[in-house]
Amino acid sequence: MSRSIPGSLVSRVLRAVDRVSAPAVAEAHCDIPCGIYDPHLMQIAALTVVRMNQLIDGLELAGDPRNKAEQAKYHNSLARYILVKEEHAELVKREARIIWGDYFKPEHVEKYPDLHATVWNIMKLAGKNRQEVNAAAADELLTATQRFAEIFWDTKGAKSSKQPSRQAVGGEIVLPA
């Protein structure tokens, strides 16, 4: 789709004005500075990755390869568990990126010099969990998100503690006291 001549002309004029007098840079701590951040969703997503590994591990292939209904049921369940595992591993990465990029400040990194390494580790572990069915990697991802949550809540001045998740997966999540 081509631009209209007036639209194209206006665009060129505005670009020229920007070169002569650059617009001021607006700085905000996030796209919409709402100030609402919480690592809870990241931990729930990590628990979901753990749970999907448990469910995949518990799947049993149908005994008779000629029984199409049993085979279809197995493959459908496997595909769904893998899809959910990958979506939630990506959600962990998304939530870590948002909080790390929009909330944490240099003074937080000074207090927690392992913050960048913690986030990097979360990114790598989430990627590994997307690539593999690996219960140990899923547990490591959950542990890394818990460490992230502990750091986060401390920067808010809140003491935190690990609480039972009370989900089918088991495990714990870090919550403010």
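Looking at segment 52-78 only, could you name the residues that are closer than 27 Å to Ala137 by Cα, open to solvent by 60 Å² or more (accessible area, probe 1.4 Å) and part of a helix (DSSP H, G or I)? Don't jump to the end; show me each part of the working.
Taking segment 52-78 and keeping what is closer than 27 Å to Ala137 by Cα, we get 52-61, 73-78.
Subset that is open to solvent by 60 Å² or more (accessible area, probe 1.4 Å): 54, 57, 60-61, 73, 75-76.
Hits for segment 52-78 are Gln54, Asp57, Lys73, His75, Asn76.
Please enumerate the residues belonging to segment 129-142 that are open to solvent by 30 Å² or more (accessible area, probe 1.4 Å) and not small (Gly, Ala, Ser).
Step one: filter segment 129-142 for residues open to solvent by 30 Å² or more (accessible area, probe 1.4 Å), giving 130-136, 139-140.
Of everything in segment 129-142, those that are open to solvent by 30 Å² or more (accessible area, probe 1.4 Å) and not small (Gly, Ala, Ser) turn out to be Arg130, Gln131, Glu132, Val133, Asn134, Asp139, Glu140.
Could you give me the residue pairs with C-beta distances under 6 Å whose first residue belongs to segment 143-165 and is open to solvent by 70 Å² or more (accessible area, probe 1.4 Å), whose second residue is at pLDDT 95 or above and in a helix (DSSP H, G or I) wherever it lies, and which are 6+ apart or on separate chains?
Partner pairs satisfying both residue conditions: Arg147/Thr118.
The values are calculated or read from the model by the stated rules, or taken from the named source; none is laboratory data. Being a predicted model, the structure only gives us computed values, none of them experimental. Please note: Cβ atoms are built from the backbone with ideal geometry, for glycine as well, and neighbour counts cover all protein chains shown. Just so you know, the surface numbers come from the protein's heavy atoms only, side chains and all, with ligands and any DNA or RNA stripped out. Shrake-Rupley method; radii C 1.70, N 1.55, O 1.52, S 1.80 Å.
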